[in-house]
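The values are calculated or read from the model by the stated rules, or taken from the named source; none is laboratory data. Since we're looking at a predicted model, the values are computed, not measured. Here the Cβ is made from the backbone with ideal geometry for all residues, glycine too, and neighbour counts use every protein chain on show.
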Amino acid sequence: MNNWKEITKNWLSRKRSFIGLENDVLNIFQTAFENTLVSEKSWFGFPKSRQSLSLTFGRIYLIGIFNRTIEILIDMDLKEQIDFNTRLVSSSVSNGQSLYWVTTDIKNIPKLISNKLIWKHYKLATLKVNNYPNIKWERKDWLEGKYLLSDLINYKAINDIDYDSYKQTFELELEKSLSASSKLRRKRLNKAPKKPLVSKSYSTTFIRNPDVVAEILEGANGFCEYCEKEAPFKKDTNKNGFLEVHHIIPLSENGFDTVENAVALCPNCHRHAHYGKKTFDIEKLKKDGTQKQHL
């Protein structure tokens, strides 16, 4: 059986408590599929060893129904904004970028479907799990009876990444990373992939590692690493000097999202790096990056 609607109806036929909810269940999985950015690595169905109907990536649920509870993965805690309960995905904590599940009774499926904010952050979550090393492994007994989403549907996610939603999440992740110890960040960075995630639509968005940014900003201590002058002003949020993190070899040119490939620049030097390349001493930054490898 490789028709996702038939798989869903087959599962529902065994659940008396779902009588009258067939269309709701079909509609919410349809919405999830349209917003899943890793369809070629996500599995849908209900294995014999599990009673839930779910879409999973590795060993984490992207969306699942358990008895009369439905849970949807999101990339930040939206509890105060969406009027639904949320709970932390414990296995995501060690990655430094926490994920959460929106959790509620199946009677609320229509409200979930209509909540655009949830789906914006679900989409970001489906992209981020692809870079989480500790949740990628797959249990064979969980996959028995499941099918790759890319084999069940003939389209990719129809909605682009919402940059404002991504920026909001990143700023929160950065604040958490800045409040953590450098030792903890370095521990996570040792496990983190060097290549950033990429979301392509009409433009390209690189999903950056907040631990890299936090390490660079903390190391700069409020001073530009190019002109060596103090940051021009302090941020309202944390009173730290405002500097911008610049990749020596740009991510768009296959550069790594690592501490060694990044520096903190004042806004003026940052613009100089991008728009005055002929007079910008890039070798100075490369030398600084080499020194960081030995820290």
Query raised in the report: Does segment 5-24 include one or more residues that are in contact (Cβ under 8 Å) with a residue 40 or more places away in the chain, outside any helix (DSSP H, G or I) and within 27 Å of the chain's Cα centre (by Cα)?
Result: no
**Report entry** LYS9 being buried (at least 21 other Cβ atoms within 10 Å of the Cβ), in contact with an Asp or Glu (Cβ under 8 Å, 6 or more places away or on another chain) and on the phi < 0 side of the Ramachandran plot
**Finding:** no
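Residues checked against (1) more than 21 Å from LEU148 (Cα to Cα); (2) at pLDDT 90 or above:
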site	(1), (2)
ARG59	no, no
PHE66	no, no
ILE70	no, yes
LEU73	no, yes
LYS79	yes, yes
ASN85	yes, yes
SER90	yes, no
TRP101	yes, yes
SER114	yes, yes
Query - Number of positions in segment 136-160 that are surrounded by 15 or more Cβ atoms within 10 Å (Cβ to Cβ), in a loop (DSSP other than H, G, I, E, B) and at pLDDT 70 or above - result: 2
Query raised in the report: In segment 167-211, what residues are modelled with pLDDT under 65 and part of a strand (DSSP E or B)?
Result: LEU197, VAL198, SER199, LYS200, THR204
Query raised in the report: Is it true that ARG16 is surrounded by fewer than 17 Cβ atoms within 10 Å (Cβ to Cβ), over 17 Å from ASP105 (Cβ atoms) and not acidic (Asp, Glu)?
Result: no
Report task. Identify all residues within segment 230-241 that are farther than 22 Å from ARG188 by Cβ and either assigned to a strand (DSSP E or B) or touching a strand residue (DSSP E or B) at 6+ places or on another chain (Cβ under 7 Å) (or both); write none if there are none. Result -> GLU230, ALA231, LYS234, GLY241
Query raised in the report: Within segment 59-97, which residues are touching a residue at least 60 places away in the same chain (Cβ under 8 Å) and surrounded by fewer than 23 Cβ atoms within 10 Å (Cβ to Cβ)?
Result: ARG59, ILE60, MET76, SER94, ASN95, GLY96
